[in-house]
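Q: A single structure is presented below for examination.
The values are calculated or read from the model by the stated rules, or taken from the named source; none is laboratory data. Not measured: the values here are computed from a predicted model. For neighbour counting, all protein chains shown are included, and Cβ atoms are generated from backbone atoms with ideal geometry for every residue, glycine included.
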Amino acid sequence: MSQLPKPYQQFRQDHPDVYKAYESLGEVTAESGPLDIKTRELIKLGMAAATKSESAVQSHTHRALDAGATAAEIEHAIMLGINTLGFSTMMTALTWANQAIANRSK
């Protein structure tokens, strides 16, 4: 996703050293294992759904698409949480992801 949400941009501006360390930790963690970027983003999407974070679901939807995931793969990644998260949480996350996909198409 090319543009961070405004609160993230503000945090990055106000605390550049902390933000740089945060970004570095994420990069090192991502590169330390065998998962490819698309798989990592689909997993992170599921985690975002579990935390009920609209901005994280939208961000990781965009990142998953950027990594080559299809809309069907994104939907499946979220639907896998139906028993763990509950139907309503899964549907909420699915709605957010579909909105992100639709907004991207505009």
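Q: Pull up the stretch 1-42, narrow it to residues that are under 23 Å from residue 77 (Cα atoms) and among the hydrophobic types (A, V, I, L, M, F, W, C), then point me to the one that is nearest to the chain's Cα centre (by Cα).
A: It comes out as 42.
Q: Still on this structure, I have one more. Among 97, 93, 77, 71, which is touching an Asp or Glu at 6+ places or on another chain (Cβ under 8 Å) and modelled with pLDDT of 95 or more?
A: Among 97, 93, 77, 71, only 97 is touching an Asp or Glu at 6+ places or on another chain (Cβ under 8 Å) and modelled with pLDDT of 95 or more.
Q: Among the residues of the stretch 82-106, which ones are more than 23 Å from residue 66 (Cα to Cα) and of a type in the set (S, T, N, Q)?
A: Passing the criteria: 83, 84, 88, 89.
Q: Being surrounded by fewer than 17 Cβ atoms within 10 Å (Cβ to Cβ) and not in a loop (DSSP other than H, G, I, E, B) is the filter here, so list the residues in the stretch 74-99 that pass it.
A: Correct list: 75, 76, 79, 82, 83, 84, 87, 88, 91, 95, 98, 99.
Q: Which pairs do you get when a residue that is without any contact (Cβ under 8 Å) to a residue 40 or more places away in the chain and within 19 Å of residue 40 (Cα to Cα), found in the stretch 74-93, comes within reach of a residue that is outside any helix (DSSP H, G or I) and of a type in the set (D, E, K, R), reach meaning Cβ atoms under 7 angstrom, with the pair 6+ apart or on two chains?
A: Every condition considered, no pair remains.
Q: Please enumerate the residues belonging to the stretch 51-73 that are touching a Pro at 6+ places or on another chain (Cβ under 7 Å) and crowded, with 19+ Cβ neighbours inside 10 Å.
A: Once the filter is applied, which keeps residues that are touching a Pro at 6+ places or on another chain (Cβ under 7 Å) and crowded, with 19+ Cβ neighbours inside 10 Å, the stretch 51-73 yields nothing.
Q: Please go through (1) more than 22 Å from residue 6 (Cβ to Cβ); (2) touching a helix residue (DSSP H, G or I) at 6+ places or on another chain (Cβ under 7 Å) for residue 86 and return the number of the only condition it doesn't satisfy.
A: Residue 86 satisfies all of (1) more than 22 Å from residue 6 (Cβ to Cβ); (2) touching a helix residue (DSSP H, G or I) at 6+ places or on another chain (Cβ under 7 Å) except (2).
Q: Restricting attention to the stretch 1-10, does a residue exist that is touching a His at 6+ places or on another chain (Cβ under 6 Å) and touching a residue at least 60 places away in the same chain (Cβ under 8 Å)? Working first, answer last.
A: Step one: list which residues in the stretch 1-10 are touching a His at 6+ places or on another chain (Cβ under 6 Å), which gives 1.
Retained after the next criterion (residues that are touching a residue at least 60 places away in the same chain (Cβ under 8 Å)): 1.
Within the stretch 1-10, one or more residues are touching a His at 6+ places or on another chain (Cβ under 6 Å) and touching a residue at least 60 places away in the same chain (Cβ under 8 Å).
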